[in-house]
Structure formats: structure tokens, C-alpha cells
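The values are calculated or read from the model by the stated rules, or taken from the named source; none is laboratory data. Remember, predicted model here, so these are calculated numbers, not experimental data. Neighbour counts are summed over all protein chains in view; Cβ atoms, including those assigned to glycine, are modelled from backbone coordinates with ideal geometry. What goes into the accessible areas is simple: the full protein's heavy atoms, side chains included, and nothing from ligands, DNA or RNA. Shrake-Rupley method; radii C 1.70, N 1.55, O 1.52, S 1.80 Å.
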Amino acid sequence: MKKFSFLLLSIFFLFGVNTYAQTVKGQVVDEENNQSIPGATVYIKGTNIGTITDLDGNFELIVEEGINTLKIASIGYIDIEQDINVDGGDVLDLEKVYLSADAIGIEEIKVFASFAVDRKTPIAVSTIDPVFITEKLGSQEFPEILKTTPSVYVTKQGGGYGDSRINLRGFDSRNVGILINGVPVNDMETGHVYWSNWAGLSDVTRTMQVQRGIGASKLAISSVGGTINILTKTTDMEKGGSVYYGIGNNGYSKLGFTVSTGMYDNGWAVTMSGSHTKADGYVKGTNFDAWSYYFNVSKRLSDKSQISFNIFGAPQWHNQRSNMKPIQMYRNSPDGVQSNWDYGYRNGQIYGGSYAYNFYHKPVISLNHFWQISSSVQLNTVIYSSNGKGGGRRIYGETALLTYDRNNGYPTASTLLTNDGYLDFNAAEDINAQNLTGSKVIIANSNNSHDWYGVLSTLKADFNNVTFTGGVDARYYKGYHFYTIDDLLGGNYFLNSDNVNRDPSTPLYEGDIINYNSLGEVLWLGLFAQIEYSSDNFASFISVSASNTGYRRTDFFLYTPEEGQVTDWFNLLTYSVKGGANYNITDQFNVFVNGGYFTRPPYFKYVYLNNKNILNPDVQTEKVITGEAGLGYKSTFFQSSLYAYYTLWLDKSYTITSGNSIANLLGIDANHKGIEYVAKIYPVHKLNFGVMVSVGDWQWINDAEAIYYDIETGQSSGLDPVTIYASGIHVSDAAQTTGALTFDWEVLPRFKIGGEWVYYDRLYAKFDVEGRQATDDIGIDAWKMPSYNLLDLNFRHDFNFAGFDATIYGNINNALNTEYIADAKDGNNHDAASALVYYGFGRTWNLGLRFRF
């Protein structure tokens, strides 16, 4: 409470208001590209008189007569100080004030990342600057910074640390390309992105872009819905650093630092940062402990060449809420929306059950080389590796003893619970201790580690108005998948018969492998090329790429060495073609169009059937056709953009298994189309309003039929054909209508407040389309969840303290404490009573203090 009081009192103690004699104005712009820099802090050194630049980088201050030192600072740029002589006249116009990037190699990384340029790159794009991230994110999950972006739906799912998800234009993360410094990070077997593996990303993010639709990336990536392009810190040009401390609800605390040597005369520079975050969690039983670290060292080899070495990691563990429940269970629980039934206690400590505890560490190491071969040609190359290790807790054996029924959310007849309703691990230990043939139920870890290596090299050449970009993208991935015994729960040993190479009567102990033990390998080789044309008012591009994806599976449990445990490589060739053009009609209006066609390989599980070394004989590539048009307007006081998009996804990969039979569902197609509108209004200096509206129409557009065949023989199994009745059903699991109203207001010098109101509607409970086999369900949508809206508030105050620049941040999320359902799984009756749900978080808060040196 003392920490809270100190931070709160600082807000009122450390700023003041005075009246000065003359107006000083100017515009802050980027030295590299001459673009304006919004959100820069401008103030008179030694005072608390200052302001923040508007959308066009403009600022105005009232300053007393005499010699004053003007200081300008913005995240991502080197601070500057400039003495100004205020003589008491009407206005002192400094015109343009230039800031240079504070990081080494950031412009070169933008080449890798295919960073879009406003009024030039013909795509729908939203750029999130570092000022916005530091002011709005607070203690939220990293993807939540994008919730005011058109066609984006973000939730915390079960509420565990890093367990959030994001959908873009109705597509989940498997179908959204996530790039960090231009390098794809979607899992190469499944396409998923697990944000808990990137839990420290907000600490090192410099800026990010959401490129909806085809995006600007030249790589052959699976960006059906779009691309989220994240640029991290590199090495700071100037010596300095910062220290941050934050607190929040439910025991949240975070301590972080950044320190940089700056560029030495010999060309060396080092930047490092780290943080430690922990909390009890808003949802009961979701405590966590997370660390992050970042290290970069750069060396300028010459005026035309430099290298940069990076390592980033975020080791963490967190307890989870892994099972959705019926609405009535929350209503009956004293904990309400914070209820969690997926944990118990052992030795007085919270102990997550099955799928309710996760641990992982995924360090990423990269070596970048930037080479300006000539004034018009540059070659940039990155070599990288990622070696992730960790997994999640599982209940194994007689699982019903320590789990709930995942179909209806209620305990089974065998579920062991304490009088308080917690999972009763002590009772399980008693059962195991009395069993003469070893433990009946145990704690296991599902390990999903990987080794990932890659190289990405990009050549860029400028020829007057034409730019050629081409390169190679090569990756190798090996995933390790196996269960290990973690705790015998009071038993002496455990018996398991899943390994054909081990006698089933062999006693097994902690650390032994059970259930399955397999490898998944992916070998990727891609080539890409793009030609851009740009003149004063017109820009266009055409881009092509081709890639070969090789899959290979190894199984150490289901096959003997004599039978052969390793499959041959299976290769799929895919390609993409896309292009677009932008025309600046006037200095205010621009219009663009784009379109593309690409094929993509199915994910690993659709190539090898039923977790066996059996190749799917009907495997085929998926196809995507997409197009988009946009109209933009930009002036000093108002800017807006209107977009219309159309995406047709053909031959989505799905399979249905029944015993030892499987059916390939070929020809299931979906159509995602919609409109998006964003606007920013600046009615007066230091005040702006934002508007966002997106309306989608995402539907499955056809039924599909498939024949069951025997997995082992490939012959017809004799089962009746399966028909999927999907035509006309809305795509689920993301709000098809979203809206937002925002404001930011510098109410006093260097004191700023802001707010975001978001609205979600036409949100259908999640369902598996391959399960729509009943004729009674023809044309019936999943349960349409109640619409909801949320209000977030934030403030920021910049001040000087003991010779340091400092900032206090504060956030209140869901300020009105709205109760709402954020995630749901459709039930048999497609209604609220049969659905399983997660409620979203109620009101949460955080305060943070940062000192810069």
C-alpha cells in the first residue's frame, strides 16, 4: 500500500503550471525519411513545462523570456537539446527539428521486415508506435495492445499468463503470419504462436505493424488473415538506460531495466535489458513467475558494413485455467467470473492439474550482417536459431480421478475433490499407495521442445524509380514430442504398454518416457522476388515467391527398428503471386488496390494421419484468393481510411477419425469479406479522438462429403460416407463486428490522459466444422454470444526528479467492471445453456514508474 501511495502522490507533487511570455512552436521530424514524429515529448529543461507533439509532429509551448534549453525526446530516437533565445515577441518558430534513430541497424531491419510506408505501400496497415505501447499496454497481454485495430479480436482465454489469443479478419494465429524483425515465428508443425513463449516481448518491442490482407512481406508465409510485424530493439546509439518498477492488482509486480554503452569510437556498442514479473493472477489459481532478457552487441565494420548479435528469451512458469465451464457453474461459485476448477493444493501450494500448468524457455539467437554494397545496392542477412524446451502438466493413467468431463464441464463420477471443491491430490496418493500394481494415476509432463535454425538473406537494389528486392528463406525445424513421468503420486512405480519396444511389465519411474515419443521434422526452402515502382504520386509492386516444404516423422514407440521408425521426406511445392498499386490523388487523398493468389501446405498433422507414420494419400495444398481496396484522407486536423476486403479460402485441410478409419474432408471452403473504417480527429491542439468500425461477413460456403478408409490398408473401411453440413454457417470464435472510440488529451503540461472504448458483436461460439454431421444442424449457426463493450483508461506524467527524466504510467482496464463472456464453445443445442465459456477479466489496474539516465 505504501508503494501505491508513493506513486499516486507523485502525480500531484511533481508537476506545476506557470504562465510564460512567448509561444515557441515547431515540427519534430525523422532525419532519415523526413516523416513527422507524433507523441514526442518537448519541454524546457529544468522545469516541468512541456507538451507532446500531435499527429504531424507539431508542438507549441509558452516560454518565459531569456535563454532556455529545449529538450525533445521520443522513444526510438536520440534525445536532443537546443538553446533558444526567447525575446518576448509573438511567436518563435523553430520550423523543423530533426531527430535521428537511436538504434543501429533499424533501417536495415525494416528491409527484412517489409515495413509498410503510409500513402505508398498499397495495403491496409495499422502502425503501433512505442509511445502507444508504453501508455496503453500496462499489465495486459501483449496482443491486447491491438484491440482497437480493425477486424482484430483478442482475449485472454483461460486467463493464465501468456495464454491470450488473437484473431485477424476471422483467422486465428495459425493463419496469421507473426514476424519478429522479419523472421517468421509461427510454429512450423502447427502454425500456432504461444504468447507465453514471448512473454517479455513488450519490453523489447520498438514498433509493430498489423498488415491486414496480403501484407507487405515478400516471404511465402501463411498470412491468410494478415501479418503482425514486430520490430524489437537493436543497439542504442547513445549511452544511457532506464529502470522501471510497476505494481498492479492481485499481487502484480514488475521490475525491469535497460542499459546501453552507446557507440564507441571503435565501432562497438552493447545494449542489454531484463525484467522479472510475477503475480497471483486475476483468475484463481493462475499465479506465475516470468523473466525476460535481451542482449545485443553491434560492431560497425566500416561505413558500409556492420554486424549485430542478438539473444532474447523469456523463461517462465504459470498455472492455468484450462477448462471452459457452463455459465451456471460460475453463477453458483462464490468466486464468480474468477472461478477456476483446474487446480488443487499440495504441500500448501497451488498445484495446477491437467493442462493447468505450463513451463517453457525459448531463447532466440540471431546474427545480422548489413552490407551497403554501393549507393543503390544493399545485402542484409540474418542467421538465427531457436531452441525451445518445456511443456505442460498432464494427468495420466486413470485420468477421470483428477479431471473434469471436458464435454460438459462437470466432474465425472470418479473425480476426486476436496470439501472445498479443489482437485484432491492427497486422495489420489492414498489410492496409489494401496494399489499393488503401481500407481493408477500419475502426474506427467507433455514435452514439446524444438530445435529451429534458419537463414534469411535479402538483396535490395534501386534503379531510379524501380526497386528490386529478392532473396532466400531457408529453415530447418525438429520438434520433440513425448511424455515423461513427473510424480508417481504416492505409488511405487507405473506400468505403461504404449511402447512396443519395451516390456509392458517394466516398472517405470520419474523421468521415464510414456504415452508417445516422436519427432516431427520440417525442411523449408523459399525464394522470393519483388519489383516496386515509385514516383511522386504513384507506387506499385508485384511479388512472387515459391517454397518447398518437406515433412518427415519418426516414431520410437509405435514401430520397432526392424519395421522402420523414420518415414521418407514428403515434399509439397507452394507458391504465391501478389501485387498492388497506390495513387496519391492529392496531398490529402490516396487510393489503393491489391490482390493475390497463393497456395500453402497443410500442417503436419494432416500429412501424417492419427499420430502415426502413415502418409495421407489425399493430402493437397490449400488455396487462397484475396483482394482489397482502400481510400485514405489525411490533413492536419483529420485523417481517415476506408477499406474493403474479400478472401476466399479453398480446400481447407480437415480429417475425421473413427476407430481405425479416417476420412479426408476435401473441398471445404470459407469466404471472409468485410469493410473497415478508421479515423483520427484533432479538434484542438493536445486533444485527439479516434474512431474504428469493422463489419465482417465470414461464412462457410459449401458442404463436403468424404469416404472413410482404413488407416493401415488405405482401402474403404465400409463405414457410411460422412457429410459435413457447413454451407451458410458463420465462422466462429471472433467478433465479426467491432468498434472503438478513443481519446488522448494533454490536460496539463506533460500530463496526459487517455481512454479506449471497444465494442464487440456478432460473436459465435467456437465449433469444429468437421463435427457438423447432423442433418438437424443444417443451416444453424453456433450460439451467438452476447455483445459487450469495455472501457479502459490511462494516464501518463513526465517530470524531472533529482536530475533524471522520469515518467509515471497508470492504467485501469475494464474500468466499469463489465461482466462479459469472452470465449465460448458451442453446445449440442447451440444456446447459452449448453455452451461452455470463459468470462473475461473484471476491473484491473496497474501503476508504473520509469527513470531514465
Cα-based radius of gyration of the chain once divided by 2.2 N^0.38 Å, which approximates compact folds: 0.98
Average projected area of the Cα convex hull of the stretch 557-599, in nm²? 6.1 nm²
Under 18 Å from K766, Cα to Cα: lysines that are on another chain or at least 8 residues apart: K156, K325, K652, K784, K825
Calculated FRET value between D79 and N571, using beta carbons and R₀ = 45 Å, to 0.05: 0.30
Beyond 18 Å, what share of the Cα-Cα pairs of the stretch 513-612 is found? Please give it as a whole percent. 63 percent
Paramagnetic label zone (point 7 Å from Cα along Cα-to-C-beta, R174; backbone N under 12 Å) in the stretch 606-626: 606-607
Quick one: Debye curve from the C-alpha atoms of the stretch 211-292, no solvent, what's log10 I(q)/I(0) at q = 0.13, 0.21 Å⁻¹? -0.75, -0.88
Net charge of neighbours whose Cβ lies under 10 Å from the Cβ of R750, counting Lys and Arg as +1 and Asp and Glu as -1: 0
Stretch gain in nm, segment N537-N828, where the contour uses 0.36 nm per residue and the Cα spacing is subtracted: 99.2 nm
Find the relative contact order for the stretch 650-759 and round it to a whole percent, using C-alpha pairs within less than 8 Å whose residues are 6+ positions apart. 24 percent
Lys and Arg at +1, Asp and Glu at -1: neighbours of N496 with Cβ under 10 Å from its Cβ sum to -1
Once the cut-off is 21 Å, how many percent of the Cα-Cα pairs in the stretch 321-437 end up in the long-distance tail? 55 percent
Simple spin-label estimate for D420 and S376 in nanometres, 7 Å along Cα-Cβ: 7.4 nm
What's the long-distance tail for the stretch 699-844, i.e. % of Cα pairs beyond 21 Å? 62 percent
Counting only other residues whose beta carbon sits under 15 Å from that of Q140, what net charge do I get with K and R as +1, D and E as -1? -1
Loop-resident sites, the stretch 647-723, for GluC sites (Glu not before Pro), counting at most 12 other Cβ within 10 Å (DSSP): E712
Which value at 222 nm does the chain reach when only helices count, each DSSP H run of 4 or more adding -39,500 (n - 2.57), with the total divided by all residues and rounded to the nearest 500 deg cm²/dmol? -1500 deg cm²/dmol
Extension gain H276-F463, at 0.36 nm per residue separation less the Cα-Cα distance, in nm? 62.5 nm
Cα gyration tensor of the stretch 62-203 - equivalent ellipsoid semi-axes, whole Å, descending: 40, 18, 15
Accessible area in square angstrom per residue, the chain, 1.4 angstrom probe: 40 Å²
So how do 446-459, 584-597, 204-217 stack up, highest first, on mean other-Cβ count within 10 Å? 204-217, 446-459, 584-597
Rounded to a whole number, what % of the accessible area of the stretch 668-735 do carbon and sulfur atoms account for, probe 1.4 Å? 55 percent
Using only the Cα atoms of the stretch 556-630, what semi-axes does the equivalent ellipsoid have when each is the square root of 5 times a gyration tensor eigenvalue? Give whole Å, largest first. 47, 10, 9
